[in-house]
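Contents: one structure, followed by commentary.
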Amino acid sequence: MEKKRKAEILKIETKKNMAIKQLCDKVEDKYKKIREYYLDICNTNMDIIRQLKEDVADANKENAQRTKDKQHQQEMNNAVVEPLNRATKEVKEKEKEQIIHEKIKRKLEKLQIDIAEQKKVCQETEWHYEVRLQ
């Protein structure tokens, strides 16, 4: 009976150890799967981070190039606009001078007419004076 009981205990212990081993294997398998899942997520995230860093670096380079291009364009624009502004200013000054010149010209014409009239008056007066002297 003792032998039978020991055999029964051994059988139960073996069954128990097998169940424990199966559970441990299942847990270890699940742990490996979970670990692989999170490692995959982690690796994917790292790849995304690397790609985003590259994208940011590329965007910064592109932004720097655009800034250079904009500055160059601004310099070219200033090279064109400055002479245009000077020319426009000169044109305005010349127009003012032309207006003044036209006024002076009109005054000169009036004065020439007045001089011509004064010469006539003077000649008539001289003629009258000579006629009286004779």
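Provide the net charge surrounding Glu90, with neighbours chosen by a C-beta distance below 12 Å and charges set as Lys +1, Arg +1, Asp -1, Glu -1. All intermediate terms of the calculation are to be shown ahead of the outcome.
Numbers: positive: Arg86, Lys89, Lys92, Lys94, Lys96; negative: Glu93, Glu95, Glu97.
After counting each charged neighbour, the total is +2.
Computed from Cα positions, the angle between helix 2-133 and the longest principal axis of the chain comes to roughly 0 degrees. Taking the solvent-accessible surface of protein heavy atoms with a 1.4 Å probe, what is the per residue accessible area of the chain in Å²? That works out to 102 Å² per residue. Bridging of Lys21 to lysines at a Cα separation below 21 Å is possible for Lys11, Lys30, Lys32, Lys33, once same-chain residues fewer than 8 apart are set aside. Counting only residues at least eight positions apart within a chain, or on another chain, the lysines with an alpha carbon under 29 Å from that of Lys103 are Lys89, Lys92, Lys94, Lys119, Lys120. In terms of accessible area, using a 1.4 Å probe and ignoring ligands and nucleic acids, Arg50, Arg132, Arg66 rank largest first as Arg132, Arg66, Arg50.
Entry note: the chain has Rg to Rh equal to 2.03, where both radii use alpha-carbon atoms and Rh is the Kirkwood radius. Considering only protein heavy atoms and a 1.4 Å probe, what is the carbon-and-sulfur percentage of the accessible area of the chain? Percent of accessible area from carbon and sulfur atoms in the chain: 58. Reducing the range 84-98 and the range 1-44 to their Cα centroids gives an inter-centroid distance of 99 Å.
The values are calculated or read from the model by the stated rules, or taken from the named source; none is laboratory data. The structure displayed is predicted, hence computed values, not measured ones. No Cβ is skipped: glycine too gets one built from the backbone with ideal geometry, and neighbour counts run over all protein chains shown. In case anyone asks, the SASA skips ligands and DNA or RNA and just uses the protein heavy atoms, side chains included. Shrake-Rupley method; radii C 1.70, N 1.55, O 1.52, S 1.80 Å.
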